[in-house]
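Only the coordinates and a few stated rules stand behind these numbers; no lab work does. Note that the coordinates shown come from a computational prediction; the quantities given were computed from them, not determined experimentally. Please note: Cβ atoms are built from the backbone with ideal geometry, for glycine as well, and neighbour counts cover all protein chains shown.
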Amino acid sequence: MTDLALEKTATGTVRRLSPAPFGIGVLLIVAYGVPPLVASEYLFDAILTPFLALALAGLGLNILTGYAGQVSLGSSAFMAVGAYAAYNLALRLPGLPFLLDILLAGLVAAAVGLLFGLPSLRLRGFYLAVSTLAAQFFVQWVFNKVGWFSNDSPSGIVTVPPLSVAGLPLDSSAGRYLFALGVVTAVTLAVWRLVESPTGRALVALRDHETAARVIGIPVLRVKLLAFAVSSFIIGVAGVLWAFAYLRTVEPAGFNLDRSFQILFIVIIGGLASLRGAFLGAALIVVFPLLLARLGEALLGGLFDSGVLEMSQRIVLGLLIITFLIAEPAGLTALLDRAWNRICGRFRRAG
Amino acid sequence: MEWQFFTEVLVGGLLSGVMYSLVAIGFVLIYKTSGVLNFAQGALLLFAALTFVSLAERGLPVWAAILLTLAAMTLIGALIERTVLRPLVNQPPITLFMATLGVSYVIEGAAQLLWGTQVHGLDLGIDDLPLEIGGVLISSFDLFAAAVAGAMVAALTLFFRYTRIGLGFRAVADDQLAALAVGLSLDRIWTAVWTAAGVVALVAGLLWGARLGVQFSLSLVVLKALPVLVLGGFDSIAGAIVGGLIVGAVEKLAEVYVGPFVGGGIEGWIAYVAALGFLLIRPSGLFGAKPVERV
Amino acid sequence: MPAVLSEPVVPPANGNVPSALAVEALSLSFGGVTALSDISFAVAPGEIRAVIGPNGAGKSSLLNVVSGLYRPDSGRVWLGGHSFAAVPTDRLATLGVSRTFQNLALFKGLSVLDNVAAGLSHRLRAGVLAQVIGLPAARRERAEAQAKAEELLAFLHLDDVRDRPAGTLPYGTQKRVELARALVSRPRLLLLDEPMAGMTLTEKRDLSGHIRAARDDLGATIVLIEHDIGVVMGLSDRIAVLDYGRLIADGTPDDIRNDPVVIDAYLGVAHDLEAGEGI
């Protein structure tokens, strides 16, 4: 949380401990400039692009769960809605510019999210969490059963048209990465503005004490639905990236319950109610299976087949969740902050 | 005969509903004592069934396999309680829930790492022949499963009503501090509860395993139990039973009478939608009283 | 019946000044347990009115009915010239009513400043898009809210903790932040549910000063529930006494001190005055 980065010193002056503006500038330059120069196709297609899509989905869920305090177990349903909406827009209205497709796909996802957010007006806690599973299973079923959405493709798997923006083809690995990065940058900026705004504060107020929020005149119902809509919008856009920039295909099975849990894990591991958290969590979720595979191969050799790998991934992921919840509920964000402060402290003592 | 077919569908639904109740009761046991919605219940069920089948396949007599599996379940329960839930005491319930989500990943992974990923057949020695009762055909396996589930529920009810540990359980469910104050040992009660949940997981695992085959998808049975819990309330055994019956009946009836018009396969979500619709009308569930907001 | 029990009140309370708050024949029960039984009284503008009574007497229930969190079984509530069978909580702030809660009800994850500024939420008009884009109207609105919040922080000596997350503050300070959040909208009526529970003697004295200042400087009418009889006697203009959901007395501190019914029901008998918990 950015406002936590401001910390009072004993003398009473406000000093920035967080590297915020400078750091973000450097990060953006690196993100846009370095990979296109050095990265291999593998790095783009297996790590960087899926990382961006998942980070964006985590960001969307964080609005709902981290900031507004409403747990959702059906995030990938909204990814699916976004992906299928963008596919159908591109297919059926070829005249529309793709950026408009993305915006509309996000709006469709927001509308569906609003619909499935309605129970939140009456249910809370576990009851609400379970009810979000309705979205998960219902949406997946619709895309499986209604052939229109996948243009009546017999396998249910459809290939999306090559990515191009304003006549500029972006179908290379680097192009798709840069496109995803552009979208993620824009959305993250908007989300940052949102959580810093009075409406963003209202989300947190709702999470921390709903009754008090109601009493002081926060329109609780409207804010709740807004959280569902905004969150679904962002997750929907993440679904578009997942389909168009990463996989280049769409199929219902890619948006199953495991994907929803994965997004939830990203938020928990990265840190609830933290924008950085979504990125840190997504990085860990994308990278750790690859590391585990390498490690397993090195240690066990032939014994470490794909089945064993899959099971060990499950175990490690589960352990990660439990460990973070117990040892560092504020996630990687807090870990990183503490490390940063320690480094700063050492510098100060040295200087 | 139209009504005959309807009755067959309804009875079939109610009987499979009992199987849902059985899974849901495992949740209720844990929820009542520790306030945790234990998502890992499905994984426990998988682990129990997989362990039993694997032991039996290695030539152990059935009673030994059951005892060993039960011991393993108790051990796992105690382990979860000590290493996961206890450090998280006083955390918001939703944090505990997410922790059990993590636990379910660990158990699912471990179960299959330990016993392999192949599908095991499980024969309980019950022929699945249709029985005719009053002109209505009923699956004898379903009937057997329902009878076992019913016996299970009766046994649990007796246990909690008449044994010291059972009474302690009810005291803890009502008020942990008060239970502590009168000298009930929470350790023993929790151990008992996790053992009971393990027994329920084993029985449910065997019944479901005989029906679906013992394999990974067994742990997804948890997803059938959740709408049941939403309907009946997370803390009511009676609610779990009635909720299970309703969900079973609604699912089967919808599948037969609505399914064909929408392309089938609706059993994945119809229970959720039904539970949701019901909750919107009655937010406190089947048996719950409307809670008074204390501020 | 003791003399201090005034006749059934119908607003306006005294003369032609309409009362800041009046309740008329309020009754409320929870599943057969009576929380409030036929309660009527009125609070004049500018008054500090205490509501006292043993645990379970119905004090918190009364405030919850007045703020619309509970719906009474019968009776009416008069607020700012309007009469309600059930007070609309969503419009409470617009009606000029603020309240604090018995147990801390701060937004723990927000800074002190944001907590207090949130007390002005009902005045915000800018849409979420205007806020995200940063349109001038939205920026102005926000700056105004922050300026008002800063004033309140100064008023309650909270400037030092302005940017701290509210959840990290000591208990007494959190209570003060909650008071600031309730005061920032300059309410006509302020409801305080055990504002001093769990405070030290010094903290109580400070807070009494703040409450009096809220009335004198900010012009709020105040209704407070409090267990500390010493504080209540020194602070209030009038005191209402509840026992088993009934209003057994209503008068000045002197009246109450000498009321045999009150002494019998409450002051003289060793009721449990600790563990502030009411229905």
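What to note about this one:
- Fraction of alpha-carbon pairs over 24 Å apart in chain B - percent: 53
- Prolate/oblate/rounded call for region A:201-351, Cα gyration tensor, a/c under 1.5 rounded: oblate
- Candidates C:Leu106, C:Val128, C:Val51 compared by Cα position along the dipole of chain C: farthest toward the positive end lies C:Val128, with charges placed on Cβ.
- Three principal axis extents of region C:118-225 based on alpha-carbon atoms, in descending order, are 48, 30, 20 Å.
- Taking a span of 27 Å or more along the helix axis (Cα atoms) and a mean Kyte-Doolittle hydropathy of at least -1.0 as the rule, the DSSP H helices of chain C that qualify are C:136-155.
- Note on the protein assembly as shown: dipole from Cβ charges, positive end direction compared against B:Phe287, A:Leu280, B:Thr191; the farthest Cα belongs to A:Leu280.
- Remark: relative contact order (chain C) = 28 percent; criterion is Cα-Cα distance under 8 angstrom and separation of 6 or more residues.
- Share of alpha-carbon pairs per 20 Å distance bin for chain A, given as whole %: 29, 58, 14, 0
- Kyte-Doolittle at least 1.0, axis length at least 27 Å by Cα - qualifying DSSP helices, chain A: A:98-117, A:173-196, A:220-241, A:275-300, A:306-327
- Cα centre as origin, Lys/Arg/Asp/Glu Cβ charges: chain A dipole, Debye: 1200
- Distance histogram in 10 Å bins (all Cα pairs of the protein assembly as shown, percent per bin): 2, 10, 18, 21, 20, 15, 9, 4, 1, 0
- A:Ile157 paired with C:Ala137, simple spin-label distance in nm, labels 7 Å along Cα-to-beta-carbon: 5.2
- Pairwise FRET efficiency - B:Trp63 versus B:Ser140, Cβ, R0 = 25 Å, nearest 0.05: 0.55
- Projecting the Cα positions of C:Leu62, B:Ile241, A:Ala57 onto the charge dipole of the protein assembly as shown (unit charges on Cβ atoms of Lys, Arg, Asp and Glu, taken about the Cα centre) puts A:Ala57 furthest along the positive direction.
- Ranked by how many other Cβ atoms sit within 10 Å of their own Cβ, fewest first, the residues C:Asp250, C:Asp217 fall in the order C:Asp217, C:Asp250.
- Around the Cα centre of the protein assembly as shown, unit charges on the Cβ atoms of Lys, Arg, Asp and Glu (plus for the first two, minus for the last two) sum to a dipole of about 1940 debye.
- The slack between C:His157 and C:Ser74, meaning 0.36 nm per residue of separation minus the straight C-alpha distance, is 25.7 nm.
- Going from the fewest other Cβ atoms within 10 Å to the most, the residues A:Ser75, A:Ser312 appear in the order A:Ser312, A:Ser75.
- Dipole magnitude for chain C: computed about the Cα centre from +1 point charges on Lys and Arg Cβ and -1 point charges on Asp and Glu Cβ, it is near 1160 debye.
- Between region A:248-262 and region B:206-267, the C-alpha centres lie 23 angstrom from each other.
- Per-residue shielding of C:94-105, expressed as the average number of other chain Cβ atoms within 10 Å of the residue Cβ, stands at 3.
- When each of C:Lys175/C:Lys204; B:Lys224/B:Lys252; A:Lys145/A:Lys224 is checked by Cα-Cα distance, pairs over 21 Å: A:Lys145/A:Lys224
- Partners of B:Lys32 within straight-line reach, counting aspartates and glutamates whose Cα lies under 19 Å from its Cα and excluding those fewer than 8 residues away in the same chain: B:Glu81, B:Asp174, B:Asp175, B:Asp187, B:Asp235.
- Sequence-distant contacts, meaning Cα pairs under 8 Å at least 6 residues apart, place the relative contact order of region C:107-186 at 51 percent.
- For region C:117-154 and region C:179-206, distance of Cα centres in Å: 24
- Beta bridges assigned by DSSP with both partners in the protein assembly as shown are antiparallel in approximately 70 percent of cases.
- Shielding value for A:133-146 is 5, the average number of Cβ atoms from other chains within 10 Å of each residue's Cβ.
- Rounded to whole Å, sorted largest first: equivalent-ellipsoid semi-axes of chain C, Cα gyration tensor: 33, 21, 17
- Likely footprinting exposure, B:Leu143, B:Leu79, fewest C-beta neighbours within 10 Å first: B:Leu79, B:Leu143
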